[in-house]
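Take a look at the structure below.
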Amino acid sequence: MLPGRSLIEPGDFTLEELNYLFSLSQKIEADKTFLRESCRGRLLATLFFEPSTRTRLSFEAAMLRLGGSCLGFAESSSSSAAKGESLSDTIRTVSCYADAIVMRNPKEGAALLASRVTAIPVINAGDGGHHHPTQTLTDLLTIKRLHGRLENFTIGFCGDLKFGRTVHSLAKTLSRYPGISQVFISPPELKVPDYITRSILEKKQACREAEKLEDVIGGLDVLYMTRVQRERFFNEEDYIRLKDFYVLTREKMAAAKDDMIVLHPLPRVNEIAVEVDDDPRAAYFKQARYGMYVRMALLASILGVAPC
Ligand code: NCD
């Protein structure tokens, strides 16, 4: 279904293709031998020009579990970018060695540019404050597995909705599913960009904005917490003023539904108190695990070794 395809933003895949990836992920989770050696002899390049723990390591774990191998770099200072090499030249070079590229770059549009100068698949692992489609795959799979459906629920996004690329990708994608109501909870300075709310309203889906988490938490089925994105602020004072605007505590969780789930793409800084980790509704570490399964499904599919 997906051999040879790149993934630059979640809209690149149809809902049918997303569903296919979720059922493949479920099979991989249920049967540890399924697709185990399917990528033997294949090479995945992981090019990270920005810090990462989960995205890079889950891609590498995914490729290794499929029997393939990985090469790459975890910071731009150890690549020829530090000598002034252009992104296009780096991508053309890596394409001589690898079968697929996963890349993260601080510039919006970098992954799209990369995909235009190579014939091998490029997966966007985050381009600035723009998109992060494989986190969206992770988030959707987690919701599907824990709530049993990808329709008819209310999700609240809380925190830095201006710079948070995981929010942008997930919110746009959720507007393609029926009956989803989205609540954007942020201070005015960190509001979700207009192009996101516009794209939701154009599809005649529900969305609204709020400032206080306490005012809306009781109506949510999913609460998606986010970190204030320090690295994308122009000045440190604004960051310091806004960084602890929201802190999810046990006390606030008391007002939430019994089956609400708390997601977070991680890393967490202060926005979820550690005491919440013991709450059965806290799903962010499960989410990290689902991220590996869905990346296995994605790699096996674009490398053409998954069943159709
Ligand atoms: C996110 C990212 O890089 O955008 N992390 C991730 O990939 N899981 C969220 C963040 O950095 O806050």
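What follows draws every value from the coordinates through simple rules; no lab data is involved. Since the model is a prediction, treat every value here as computed from it, not as a measurement. Heads up, the Cβs are rebuilt from the backbone with ideal geometry, glycines too, and the neighbour counts pull from every protein chain shown.
Things worth noting here:
- Burial ranking of peptide ranges 99-112, 179-192, 294-307, 69-82 (average Cβ count within 10 Å, highest at the top): 294-307, 99-112, 179-192, 69-82
- Top positive-direction residue, dipole computed over the chain with Cβ charges, set Ala98, Leu71, Ile180: Ala98
- Taking packing as the residue-averaged number of other Cβ atoms within 10 angstrom, the listed peptides 149-160, 126-137, 210-221 run from highest to lowest as 126-137, 149-160, 210-221.
- Between the listed residues Ala171, Ile261, Val274, the Cα displaced farthest toward the positive end of the dipole of the range 133-288, a dipole computed from Cβ unit charges relative to the Cα centre, is found at Ala171.
- Size of electric dipole in the chain: Cβ of Lys, Arg +1 and of Asp, Glu -1, about Cα centre, debye, nearest 20: 800 debye
- Cα-based radius of gyration for the range 133-288, normalised by 2.2 N^0.38 Å, reads 0.96.
- Taking every DSSP bridge with both residues inside the chain, close to 5 percent are antiparallel.
- For the chain, the C-alpha radius of gyration divided by 2.2 N^0.38 Å, with N the number of residues, is 0.98.
- For the range 229-304, the list of chymotrypsin sites (Phe, Trp or Tyr not before Pro) that fall in a loop by DSSP and count at most 13 other C-beta atoms within 10 angstrom reads Phe234.
- Compared with the alpha-carbon gap, the fully stretched path from Glu275 to Ala119 is longer by 51.4 nm at 0.36 nm per residue.
- Its Kirkwood hydrodynamic radius, worked out from the mean inverse distance over all distinct Cα pairs, puts the range 1-103 at 15.2 Å.
- About its Cα centre, the dipole of the range 133-288 is roughly 700 debye, where the only charges are +1 on Lys and Arg Cβ and -1 on Asp and Glu Cβ.
- The stretch between Arg149 and Glu37 holds 37.2 nm of extra length on full extension. This uses 0.36 nm per residue minus the Cα-Cα distance.
- 29 Å Cα-Cα reach of Lys144 towards lysines, excluding residues that sit fewer than 8 places from it in its own chain: Lys27, Lys32, Lys162, Lys172, Lys191, Lys203, Lys204, Lys212, Lys252, Lys257, Lys286
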